[in-house]
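See structure below.
The values are calculated or read from the model by the stated rules, or taken from the named source; none is laboratory data. For clarity, every value in this text was computed on a predicted model and none was experimentally measured. Positions of Cβ are backbone-derived with ideal geometry, glycine not excepted, and every protein chain shown enters the neighbour counts.
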Amino acid sequence: MTRAPHLSSRLQGFGTTVFAEMSALAVATGSVNLGQGFPDYPGPPEVLDVARAAIGTDADQYPPGPGRIELREAVAEAYQRFRGLTYDPAAEVLVTAGATEALTAALLALLEGGDEVLLFEPMYDSYAAAVAMAGGVVRPVPLRPPVGNAGPWTFDPDEVRALVTPRTKLLLLNTPHNPTGKVFDAAELRFLGELAQAHDLLVLTDEVYEHLVFSGAEHRSIAALPGLRERTLVVGSAGKTFNVTGWKIGWISGPAPLVSAVRTAKQFLTYVNGGPFQPAVAAGLRLPDEHFAAIARDLEYRRDVLVQGLTDAGLPVISPEGTYFATVDVRSVQPDGDGLAFCRSLPERAGVVAIPTVVFYDPAHAHLGRHLVRFAFCKRNEVLAKAVTRLRKLG
Ligand SMILES: Cc1ncc(COP(=O)(O)O)c(C=O)c1O
């Protein structure tokens with residue numbers, strides 16, 4: 001790999017992302033962009049209206065360092081309501097600039113140089129960069145796609161155990177999982193919780209898709225397992241739940257000493273952000289249960305439209321249990337099985353843009369995801385319909 005000039009050795013290899021390349025390709029070719037995971041339809045008026053009304057008030061000024069109290073209270077209420085977890089809004093909830101800052105601040109706060117982080121790959125792209133910024137080392141465990149594309153992605157518990165060393169400090173979990181759409185089940189979480197306890201690991205769990213789970217699956221937080229709350233930080237975000245990815249309002253919750261450590265790092269990253277959006281997200285988190293059920297139902301419908309369309313186009317799909325994303329095995333339409341080459345040619349072949357799953361792997365394991373491609377379905381019905389029609393050209 002060529003060295004990027006000026007970039008510190010910690011960040012070599014994290015130069016430019018394929019997301020930027022694919023989004024530029026979508027614009028240049030007039031393609032339907034099913035690459036980046038952001039919705040192209042607005043969030044609930046109950047949330048948007050509060051933000052509009054908050055502009056021009058004291059909410060425009062710096063919020064308190066840990067976030068506006070009404071949002072911290074709403075986050076704590078939501079954990080109680082949905083997960084049965086009790087957090088003190090005064091000391092156990094910290095508002096952050098999206099989940100990304102929560103994760104990065106936590107890793108900067110908790111890791112010593114050389115500490116190892118156990119995590120699953122494919123993995124969300126900020127994890128490896130944030131671990132590198134903190135001077136840590138990633139130890140990725142592969143998730144394996146289901147045989148015949150039916151059923152959930154799985155992992156081998158022995159592979160997890162084998163990667164634990166005396167330097168392992170933290171388990172970084174993501175459920176529901178981007179990019180696979182896997183929702184870790186009760187037995188898997190129990191295994192991981194016991195492992196964390198046996199090796200005295202901290203747990204950082206990214207649950208930004210917690211409300212985007214489809215029938216047949218159920219989101220559970222590892223923090224809710226007996227004995228796990230005290231070693232676990234849970235990360236959430238308004239972006240995915242309320243279709244406001246540009247607001248960058250996230251939060252991190254856990255026992256006071258852990259949250260206090262994260263706050264020390266966070267205060268020197270952004271200090272605070274998104275004043276008028278904080279009361280709006282608080283209003284969103286207080287919407288009735290039915291609202292959250294409707295979000296999941298709506299997205300499940302979009303998933304079904306895309307999965308059917310991809311199947312009709314002759315592309316084998318692994319249907320996700322949650323999130324915004326479906327995974328396709330491209331070997332039947334790309335004889336060399338190269339997902340990156342497939343994505344680079346897809347705008348010309350079909351006028352659609354997707355993301356090669358290979359970019360979510362550590363370079364050492366890239367071969368595991370070479371033949372896979374991620375399509376986002378958090379798009380308006382007419383956009384999905386257009387994409388599906390265009391993809392039929394591949395068949
Ligand atoms: C798994 C995962 N974590 C975190 C984020 C980032 O969330 P935010 O926009 O709140 O920083 C994303 C966004 O795509 C994600 O997929």
Problem set entry | Members of the stretch 37-72 that are among the small types (Gly, Ala, Ser), surrounded by 12 or more Cβ atoms within 10 Å (Cβ to Cβ) and without any contact (Cβ under 8 Å) to a residue 60 or more places away in the chain | Ala53
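Can you tell me which residues in the stretch 299-329 are assigned to a strand (DSSP E or B) and within 16 Å of the ligand (Cβ to nearest atom)?
Gly322, Phe325, Ala326, Thr327 - these are the residues of the stretch 299-329 that are assigned to a strand (DSSP E or B) and within 16 Å of the ligand (Cβ to nearest atom).
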Problem set entry | Members of the stretch 57-80 that are touching a Pro at 6+ places or on another chain (Cβ under 8 Å) and away from the ligand (no atom under 16 Å from the Cβ) | Thr57, Ala59, Asp60, Arg68, Ile69, Glu70, Arg72, Glu73, Ala76
Problem set entry | Out of Ser260, Ser237, Ser253, sole residue that is within 23 Å of Cys378 (Cβ to Cβ) and either more than 10 Å from the ligand (Cβ to nearest atom) or modelled with pLDDT of 95 or more (or both) | Ser237
Exercise. Hey, does the stretch 266-275 have a residue that's β-branched (Val, Ile, Thr), closer than 22 Å to Leu119 by Cβ and within 14 Å of the ligand (Cβ to nearest atom)?
Worked result: no
Seminar exercise, completed: When Asp289 is run through (1) farther than 25 Å from Gly30 by Cα; (2) within 20 Å of the chain's Cα centre (by Cα), the failure sits at (2)
Exercise. So which residues in the stretch 319-340 are within 17 Å of Val388 (Cβ to Cβ) and either surrounded by fewer than 23 Cβ atoms within 10 Å (Cβ to Cβ) or acidic (Asp, Glu) (or both)?
Worked result: Ser319, Val333
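Conditions tested, residue by residue: (1) touching a residue at least 40 places away in the same chain (Cβ under 8 Å); (2) surrounded by 22 or more Cβ atoms within 10 Å (Cβ to Cβ).
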site	(1), (2)
Phe342	no, yes
Val358	no, yes
Phe375	yes, yes
Lys379	yes, yes
Glu382	no, no
Leu391	yes, yes
For this session: State the number of residues belonging to the stretch 96-111 that are within 16 Å of the ligand (Cβ to nearest atom) and closer than 24 Å to Leu201 by Cα.
Result: 11
Problem set entry | Pairs, first more than 17 Å from Thr241 (Cβ to Cβ) in the stretch 73-92, second basic (Lys, Arg), C-beta under 6 Å, six or more apart | Pro89/Arg72
For this session: Tell me, please, whether a residue that is among the charged types (D, E, K, R), at pLDDT 95 or above and under 18 Å from the mean Cα position of the chain (by Cα) can be found in the stretch 321-334.
Result: yes
For this session: With the condition kept exactly as written, say whether any residue in the stretch 81-90 is more than 30 Å from Thr154 (Cα to Cα), surrounded by 21 or more Cβ atoms within 10 Å (Cβ to Cβ) and more than 12 Å from the ligand (Cβ to nearest atom).
Result: yes
Exercise. For residues in the stretch 131-165 being charged (D, E, K, R) and assigned to a strand (DSSP E or B), which is nearest to Glu101 (Cα to Cα)?
Worked result: Arg139
For this session: Within the stretch 289-298, identify whether any single residue is buried (at least 19 other Cβ atoms within 10 Å of the Cβ), among the charged types (D, E, K, R) and either in the same structural domain as Gly56 (by TED's automatic domain parsing) or not in a loop (DSSP other than H, G, I, E, B) (or both), and answer yes or no.
Result: no
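Kindly indicate whether Leu171 is over 18 Å from the mean Cα position of the chain (by Cα) and either away from the ligand (no atom under 16 Å from the Cβ) or under 30 Å from Gly65 (Cβ atoms) (or both).
No, not satisfied.
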For this session: Being touching a Lys or Arg at 6+ places or on another chain (Cβ under 9 Å) and not in a helix (DSSP H, G or I) is the filter; apply it to the stretch 273-288 and report the residue that is nearest to Ala261 (Cα to Cα).
Result: Asn273
For this session: Please work out if Ala24 is surrounded by 12 or more Cβ atoms within 10 Å (Cβ to Cβ) and among the small types (Gly, Ala, Ser).
Result: no
